[in-house]
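The values are calculated or read from the model by the stated rules, or taken from the named source; none is laboratory data. Note that the structure is a prediction, hence the values are computed from the model and not measured. Every residue, glycine among them, receives a Cβ derived from its backbone with ideal geometry; neighbour counts consider all protein chains shown. The accessibility values were calculated without ligands, DNA or RNA, using every heavy atom of the protein model including side chains. Shrake-Rupley method; radii C 1.70, N 1.55, O 1.52, S 1.80 Å.
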Amino acid sequence: MKTICVIGLGYVGLPLAVEFGKKRKVIGFEISQSRVNELLSGHDSTLETTDEDLKNAKYLTYTTNLDDIREAQIFIVAVPTPTDKNNRPDLTPLIKASETVGKVIKDGDIVVYESTVYPGATEEDCVPVIERISGKKMNQHFYVGYSPERINPGDKVHTLTTIRKVTSGSTPEVGVEVDNLYKEIIVAGTHLATSIRVAEAAKVIENSQRDINIAFVNELSKIFNLMGIDTLEVLEAAGTKWNFLPFRPGLVGGHCIGVDPFYLAQKAQEVGYHPEIILAGRRLNDSMGAYVATETVKLMVKAGKQVKGQKALLLGITFKENCPDIRNTRAIDIYHELKEYAMDVDVFDPWASNAEVVHEYGIELVDEIAQPGEYAAIILAVAHNEFKELDLQSYKDNGAILFDVKSILPKSLVDARL
């Protein structure tokens, strides 16, 4: 069996390396020595793989050394594809990973990309880098596949092996080989796309579709709030129809839904089309953090409370519940907007790493929340299980305004919810 090298051992790459590592030789390549050291110690801080999973991957090794991956015949690239401060696709990690592959690739090798990109990126942006570095040509000396990741961070039900996998290849024969490769570990089955571009497009619209649907219910939430109607009650009533889609309003962050639509929009503009619905959905969803903070401040003013200098509590900073991932979290928008109102904001999140939050956002988490009576406002931004156990009634009894972004608390307890 061919040796696999997985480049990038984060939320996507590590589960992949672990599953293949249970069956065949796999080399996990990372640029971060601290990440390699962590995995060698038998623990994954992202919590996407358990200590037992790591132990069971008996054919998996980890390295930061380029020479260690030269023996691989299949390279799977699973690095992040973020956007820059102007929401333009940043292919830097993908280009650097392609350069790495170009330095070690041999005749007959296959490179499979898993990172989410716009249609054409694999063949137009990544392959030329490999060809330039290696001096070899695609479909003459090496071959390429694309199989987009479908990892849902924190989800212990829809895991790597239980989600159907889209596959593709630079030739029909390579497509079949890539498809057969993933069939080794994906019990849910695979779907062999007709081309790499089709597979790329299929991936990027998955999260764009969700983004637009969530934007719709977020807009409904704003409208119904002005009408004095409870949005959740409306959605529950509408949901009695068999074909009503069960989306809920909320903050849209993370490394996928809040990012992928910009990749599709960028490519659309390059070919001469301005995507109105996609970008409108992005603008609306990105406005929700500031909206929640402003609505909270309005409630404080209506209750006769002073705003400036008052203390607020933000419950949750990760991008979703019961998950340590803080990438592109929109809870931070609530924090910044409250600070604009000159409020003193405590951020409490038992799932987040304080060091990561400091590095990424420049704020310190509190180890524990203050006593009832000290907070003028509390915003529950992330539906961690731990927050459901808090005695928030005592804070409410002591005058705190309570905004439930995730609608997980009793309606009678909160002052507002999306």
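Using a probe radius of 1.4 Å on heavy atoms only, what accessible surface per residue do you get for the chain? Whole Å² is fine. Before the final figure, lay out each step's value.
On the way: 18670 Å² over 418 residues.
Solvent-accessible surface per residue comes out at 45 Å².
Long-range amide H contacts for D344: which residues qualify at under 5 Å (H placed 1.01 Å from N, peptide plane, sequence gap of 5 or more or a different chain)?
Residues meeting the amide H criterion: G309, Q310, K311, A312.
Give the whole-number value, in cubic angstrom per residue, of the convex hull volume spanned by the C-alpha atoms of the stretch 1-76.
Details: hull volume 5.3 nm³, N = 76.
So the per-residue hull volume is 70 Å³.
Calculate I(q)/I(0) for the stretch 322-375 by the Debye formula, one identical point scatterer on each C-alpha and no solvent, and give its log10 at q = 0.14, 0.19, 0.30 Å⁻¹ to two decimals.
-0.39, -0.71, -1.36
Do any GluC sites (Glu not before Pro) in the stretch 124-203 lie in a DSSP loop with no more than 15 other beta carbon atoms within 10 Å, and if so, which?
E184
Can you give the accessible area of E389 in Å² (nearest 10), computed on protein heavy atoms with a 1.4 Å probe?
Around 150 Å² of this residue is reachable by solvent.
Pick out, in residue order, every one of the trypsin sites (Lys or Arg not before Pro) in the stretch 273-327 that is DSSP loop and has at most 10 other C-beta atoms within 10 Å; say none if there are none. Could the numbers behind the result be given before it?
On the way: sites: R282, R283, K298, K302, K305, K308, K311, K320, R327; in loops: K305, K308, K320, R327.
In loop regions of the stretch 273-327 (DSSP not H, G, I, E or B), the sparsely surrounded trypsin sites (Lys or Arg not before Pro) are K308.
What number in nm² do you get for the chain if you take the convex hull of its Cα atoms and divide its surface by four? Write out the running numbers ahead of the final one.
Numbers: hull surface 85.7 nm².
Mean projected area for the chain: 21.4 nm², to one decimal.
Taking a threshold of 29 Å on the Cα-Cα distance, which of the pairs K58/K183; K96/K165; K25/K96; K85/K302 fall above it? Show your work: numbers first, answer last.
Values: K58/K183 20 Å; K96/K165 25 Å; K25/K96 24 Å; K85/K302 36 Å.
Result: K85/K302 exceed 29 Å.
Starting from the residue with the highest accessible area, list H384, H141, H191 in decreasing order, probe 1.4 Å.
Numbers: H384 0, H141 55, H191 90 Å².
Order by accessible area, largest first: H191, H141, H384.
If DNA, RNA and ligands are ignored and the probe is 1.4 Å, what is the ranking of I223, I196 by accessible area, most exposed first? Don't skip to the answer; put the middle values down first.
Numbers: I223 70, I196 5 Å².
Per-residue accessible area, sorted high to low, gives I223, I196.
Accessible area of the stretch 1-87 with a 1.4 Å probe: how many percent of it is carbon plus sulfur? Each step should come with its number before you reach the end.
On the way: 1900 of 3860 Å².
Here carbon and sulfur together make up 49 percent of the probe-accessible area.
Working with all protein chains in place, sort H255, H274, H359 by solvent-accessible area computed with a 1.4 Å probe, largest first. Provide the component values of the computation, followed by the final result.
On the way: H255 35, H274 105, H359 155 Å².
From most accessible down to least: H359, H274, H255.
Which whole-percent values make up P(r) of the stretch 139-261 when all C-alpha to C-alpha distances are grouped in 10 Å steps starting at zero?
12, 30, 29, 17, 9, 3, 0
On the accessible surface of the stretch 94-198, probed at 1.4 Å, how many percent belong to carbon and sulfur atoms?
Values: 2200 of 4230 Å².
C and S fraction of accessible area: 52 percent.
Taking a threshold of 24 Å on the Cα-Cα distance, which of the pairs K222/K311; K298/K406; K308/K406; K106/K267 fall above it? Mind dumping the intermediate values first?
On the way: K222/K311 26 Å; K298/K406 19 Å; K308/K406 26 Å; K106/K267 31 Å.
From K222/K311; K298/K406; K308/K406; K106/K267, over 24 Å: K222/K311; K308/K406; K106/K267.
Per the Kirkwood definition applied to all pairs of different Cα atoms, how many angstroms is the hydrodynamic radius of the stretch 259-394?
Numbers: mean 1/r = 0.0610 Å⁻¹.
The Cα-based Kirkwood calculation yields 16.4 Å.
Mind putting together the pair-distance distribution for the stretch 15-152? All Cα pairs, 10 Å bins, whole percent per bin, short to long.
Spelled out per bin, shortest first, that is 11, 39, 36, 13, 0.
Using only C-alpha atoms and all pairs of different ones, pull out the Kirkwood radius for the stretch 172-240 in Å with one decimal.
Result for the stretch 172-240, one decimal place: 15.5 Å.
Just how large is the dipole of the chain about the Cα centre, in debye to the nearest 20, putting +1 at every Lys and Arg Cβ and -1 at every Asp and Glu Cβ? Walk me through the numbers before you get to the answer.
Working: 45 positive and 59 negative charges, 161 e Å.
Taking the Cα centre of the chain as origin, the dipole is about 780 debye.
Place a +1 charge on the Cβ of each Lys and Arg in the stretch 297-415 and a -1 charge on the Cβ of each Asp and Glu, then give the dipole magnitude about the Cα centre in debye, rounded to the nearest 20. Walk me through the intermediate numbers first.
Values: 13 positive and 20 negative charges, 131 e Å.
Roughly 620 debye, rounded to the nearest 20.
Just read off the accessible area of M138 with the full protein assembly in place, 1.4 Å probe, to the nearest 10 Å².
Ignoring ligands and nucleic acids, M138 comes out at about 50 Å².
Report the trypsin sites (Lys or Arg not before Pro) located in the stretch 140-171 that are in a DSSP loop and have at most 16 other Cβ atoms inside 10 Å of their Cβ, or state none. Before the final figure, lay out each step's value.
On the way: sites: R150, K156, R164, K165; in loops: R150, K156, R164.
Here the sparse-neighbourhood loop sites are K156, R164.
Using DSSP, restrict attention to beta bridges with both residues in the chain and report what percent are antiparallel, rounded to the nearest 5.
Working: 2 of 41 bridges.
Among the beta bridges of the chain, antiparallel pairing accounts for roughly 5 percent.
Please figure out what share of the DSSP beta bridges in the stretch 92-227 is antiparallel and state it in percent, rounded to the nearest 5. Can you show the working numbers first?
Numbers: 1 of 9 bridges.
Roughly 10 percent of the DSSP beta bridges within the stretch 92-227 come out antiparallel.
Using a 1.4 Å probe on the protein heavy atoms, what percent of the accessible area of the stretch 300-400 belongs to carbon and sulfur?
That share works out to 43 percent.
Given N residues in the stretch 322-418, what is Rg(Cα) / (2.2 N^0.38 Å)? Can you show the working numbers first?
Numbers: Rg = 13.2 Å, N = 97, 2.2 N^0.38 = 12.5 Å.
Compactness ratio reported: 1.06.
Sequence-distant or interchain residues sharing an amide H contact under 5 Å with F142, placed H: which?
G108, K137
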